[in-house]
Number of protein chains: 2
Amino acid sequence: MPAEIELLPQGTVTSAAGFKAGATFAGINKSAGNKPDLGILFSESACAAAGLFTTNQIKAAPVRLCQQKLPGNRMRAVVANSGCANAATGKQGQDDAAAMSTLAARHLGITAEDVLVASTGIIGERLPMALVEKGIKDINLSGDGGHQLAEAIMTTDTIPKEVAVAAGGFVVGGVAKGSGMIHPQLGTLLCFLSTDARVSPGLLSSALRKAVDVSLNMVSIDGDISPNDTVLIMANGLSGSKPINPGTEQQSLFQQALDQVCIHLARAIASDGEGASKLIEVTVRQAASIDQARLAARAIVSSPLVKAAVHGNDPNWGRIIAAAGRSGADMVESRLGLSIGGLCLVKAGVAVPFDKDGVIIAMGDSRVTIELELNMGEATATAWGCDLSAEYVAINSSYSS
Amino acid sequence: MPAEIELLPQGTVTSAAGFKAGATFAGINKSAGNKPDLGILFSESACAAAGLFTTNQIKAAPVRLCQQKLPGNRMRAVVANSGCANAATGKQGQDDAAAMSTLAARHLGITAEDVLVASTGIIGERLPMALVEKGIKDINLSGDGGHQLAEAIMTTDTIPKEVAVAAGGFVVGGVAKGSGMIHPQLGTLLCFLSTDARVSPGLLSSALRKAVDVSLNMVSIDGDISPNDTVLIMANGLSGSKPINPGTEQQSLFQQALDQVCIHLARAIASDGEGASKLIEVTVRQAASIDQARLAARAIVSSPLVKAAVHGNDPNWGRIIAAAGRSGADMVESRLGLSIGGLCLVKAGVAVPFDKDGVIIAMGDSRVTIELELNMGEATATAWGCDLSAEYVAINSSYSS
């Protein structure tokens, strides 16, 4: 992390000034024990807000609702649930998502127009609106309620994901839940970010896009894209620090802080992939362009054969090169270099004698690094994923009922 | 299968007139017990020949060699091994592939120019040329040697894949090994086809492309593409039947026969995917175009979440619709229809009351059919795959040595 940016202990989405959150067990997520399954993030004053959403053509009702409202400059709250995705639910689903925002707005004493909605869970089932209505009334907000919200959006996640950093007189924080981690349904990424920096909705949108491109978009658990994937950011400007203006040092600092928050959450999501026992970090260097570096890094980290080999500490490097070769990134076999855990296995496209036991030991670590050099240009990208274990299959082959 | 096309009992790649084959255990594939690992397909007279190869930018040496020689009109033989891919082996690998064709040509009394080469197995290791040389000398050809060749190219395949059909006075036959089935290396598709029909190299090339588009290209085991994927066809014209001329009924019959052979092999490959317990057959109907139908069918059949759900007999239909939604095929949620095992689950984009026990029973079958209707146009495509089991992970996480 850059020196100007400070990681806050116990940091979360309510670490920035003027943000509160809370959650309750409403009974929507029946497999969750009594873990919270319904939560609210609230700002004391109006926020610039922006969002990024699933590219799936099948979009959940709450995603459609958020897309209508964003970007905006008077948002106040997000209400979110786990246990039901409210996706593939037709007109009824849209009415339910709108009603959920109205119920939250009533509880918070604000207008429904200023409330965003997110859901994750089973596709094709209606939201249990009676439980939602009762649950929202039970939610108490507090200045450290971010932790509860992080729990409320968890499904098969094993640990809550939250972080906050301080820089330049402002704070950026966030909570997230993982992709490819939902039992029994399709993995959804939800990420709610907050900041007390003063930013316009337009600048916030472009900063969010940049941060997500180097972080959450570089995570692959299983290659599926959920109809509910949602990343939201709200900026209330309550820090009193200098406004974030285009081309200023303050803007650069804000971007770096947002990048770091998103990368932290991305790594946490990858580490906690369904059935995962280790984090895989793939860096592709010297690609012809940043897009090509990203293509290659993502292809490697999402290859089932690479993921299974990492699971078994198998230095089966041909799979890594083959995954890159089908990624669409330009490469020339005779220029490739490859290292695992910092140990070189391939130079100029052919195997070099390597310390096989050393590589096997490096692959046994909880974080396995793979570095591929293309020698085609200057661009670098990093992607994160996890190993493929028998437990992933066990989790995802269970009955949905 | 159309009525004019007859499935030959015990049919294989040597069922067409003038083709012989043989194989031996050369010791290249050390994990194969004493299953043959080196084989030859031979035609008594010169053949029109065509091939289709991996789209991976990392291409194995034998693939490069075949690409230089094809399409051609005087091919006589294919020599193939399992146990070593001869991929990522640099200049040495190209010399070894050329030497392998020379050794086979010498054994067969023909010229090396007329011999094609294919390999499958570990990436990054040199072919053991002393074993190849000795092994080739041990190969005896016979008119039913296709069975041995089918065995020689197997790796983690559990059954040999071979078929032949007769139609219009000619025979089309083939052998194949599966994709995503190789322990301990990346899954390779190898398919060798033969016919005694009289066809020009140009027409043979286009017929092969059409047949592969509806068969082998519609199989997905794990989404990885091997540097060694190779489909070859040789036509020697020895049947004495009418020549296959463009626009004739005979051409249509030849295309249908070739399609059927390739579809048979494609289904056999999907059924025998690593760790697979069932065949998944996905048909997408009423797509706006054939390309879109194929995109959607392939996305569904290769989704890890769909594959895991099928493994567990879990009627978790949201995963199917979500996979189609991210495929790139145009769709409108409110027009979707979905059936599993012939039982309707979704109409107009929303769940209908369905016989859940009936669907669970249908999913327990060794062949699970999924049908998605897009209601966007007239195009239909079918894709084949297999379920995702814990055994797949076990197979693919073992040490490569």
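Computed from the coordinates by the stated procedures, all read-outs in this text should not be read as laboratory data. Please read these numbers as outputs of a predicted model, since none were measured by experiment. Ideal geometry is used to build each Cβ from the backbone, glycine not excepted, and the neighbour counts take in all protein chains shown.
Just rank B:T111, A:T24, fewest to most, by other beta-carbon atoms within 10 angstrom. Each step should come with its number before you reach the end.
Numbers: B:T111 13, A:T24 20.
Exposure proxy ranking, most exposed first: B:T111, A:T24.
Each part gets one Cα centre, and for the stretch A:187-245 versus the stretch A:117-181 those centres are 15 Å apart. Here, the stretch A:279-396 has an Rg and a Dmax of 13.5, 42 Å when only alpha carbons are counted. The label point for B:N375 and the one for A:E44, both projected 7 Å from the Cα toward the Cβ, are 5.2 nm apart.
Subtract the Cα-Cα distance of A:M1 and A:T111 from 0.36 nm times their separation in residues, and report this length gain in nm to one decimal. Don't skip to the end; give the middle numbers.
On the way: separation 110, 0.36 × 110 = 39.60 nm, distance 3.88 nm.
Full-extension gain reported as 35.7 nm.
If I take R0 = 41 Å and measure r between the Cβ atoms of B:K30 and B:R367 in this structure, what FRET efficiency does the formula 1/(1 + (r/R0)^6) give, to the nearest 0.05? Mind showing how you got there, number by number?
Working: r = 35 Å, r/R0 = 0.84.
With a Förster radius of 41 Å, E is 0.75.
Distances from B:L7 to itself in the other copies, using label points 7 Å out along the Cα-Cβ axis, amount to 6.1 nm in increasing order. The relative contact order of the stretch B:279-385 comes to 48 percent, based on Cα pairs under 8 Å that sit 6 or more residues apart. Of A:S302, A:S31, the sequence from fewest to most neighbouring Cβ atoms within 10 angstrom is A:S31, A:S302.
List the relative contact order of chain A as a percent without decimals, with contacts defined as Cα pairs under 8 Å and 6+ residues apart. Show your work: numbers first, answer last.
Working: 1084 pairs, mean separation 70.8, N = 401.
Relative contact order, chain A: 18 percent.
Helix A:249-271 and the longest principal axis of the Cα set of chain A meet at an angle near 80°. Each stretch of four or more DSSP H residues adds -39500 (n - 2.57); spread over every residue of chain B, this sum gives -9500 deg cm²/dmol at 222 nm.
For A:D144, the label point sits 7 Å beyond Cα toward Cβ; its separations from the matching points on the remaining copies run 8.0 nm, from shortest to longest. In the distance distribution for chain A, Cα-Cα pairs more than 35 Å apart total 28 percent. Here, the protein assembly as shown yields an orientationally averaged convex hull projection of 32.6 nm² when only Cα atoms define the hull. Three principal axis extents describe the C-alpha atoms of the stretch A:99-197; from largest down they are 45, 35, 21 Å. If you sort the three axes of the alpha carbon gyration tensor as a ≥ b ≥ c, you get a/c of 1.5 or more for the stretch A:321-367 and a/b no higher than b/c, which makes it oblate.
Between the stretch B:20-99 and the stretch B:267-283, the C-alpha centres lie 26 angstrom from each other.
The convex hull defined by the C-alpha atoms of the stretch A:42-160 has an orientation-averaged projected area of 7.4 nm². Inter-copy label distances for B:T55: 1.6 nm (label point placed 7 Å from Cα along Cα→Cβ; shortest first). The ranking of B:E162, B:E4, A:E249 from fewest to most other beta carbons within 10 Å of each one's beta carbon is A:E249, B:E4, B:E162.
If you place +1 on the Cβ of every Lys and Arg, -1 on the Cβ of every Asp and Glu, and leave all else neutral, what size is the dipole of the stretch A:279-396 about its Cα centre, to the nearest 20 Debye? The calculation lands at about 200 debye.
Restricting things to alpha carbons, find the Rg to Rh ratio for the stretch B:213-286 using the Kirkwood radius for Rh. Reported Rg/Rh (Cα atoms, Kirkwood Rh): 1.06. Largest GNM mean-square fluctuation across B:P353, B:P243, B:P304, computed for chain B with C-alpha springs under 10 Å, falls on B:P353. Close amide H partners of B:N313, meaning residues 5 or more places away or on another chain with modelled amide H under 5 Å apart, do not exist here. Highest mobility in the GNM of chain A, judged by mean-square fluctuation with C-alpha springs under 10 Å and restricted to A:G143, A:G349, A:G247, is found for A:G247.
Can you tell me which of B:44-57, B:191-204 comes out highest on packing, and rank the rest after it, using the mean Cβ neighbours within 10 Å?
Going by the mean number of other Cβ atoms within 10 Å, highest first, we get B:191-204, B:44-57.
Copy B relates to copy A by a rotation, and the B residue whose beta-carbon is nearest that axis, with the distance in whole angstrom, is B:A390, 2. Given the C-alpha centroids of the stretch A:287-339 and the stretch B:359-381, what is the distance between them in whole angstrom? Result: 33 Å between the Cα centres. Running a GNM on chain B with Cα contacts under 10 Å, which residue among B:I110, B:I300, B:I123 ends up with the highest mean-square fluctuation? For chain B, modelled as a Gaussian network with Cα springs under 10 Å, the answer is B:I110.
Calculated from the alpha-carbon coordinates, the stretch A:112-269 shows an Rg and a Dmax of 16.3, 49 Å respectively.
Helix A:90-108: angle to the longest alpha-carbon principal axis of chain A, degrees 0 to 90, nearest 10? That works out to roughly 60 degrees.
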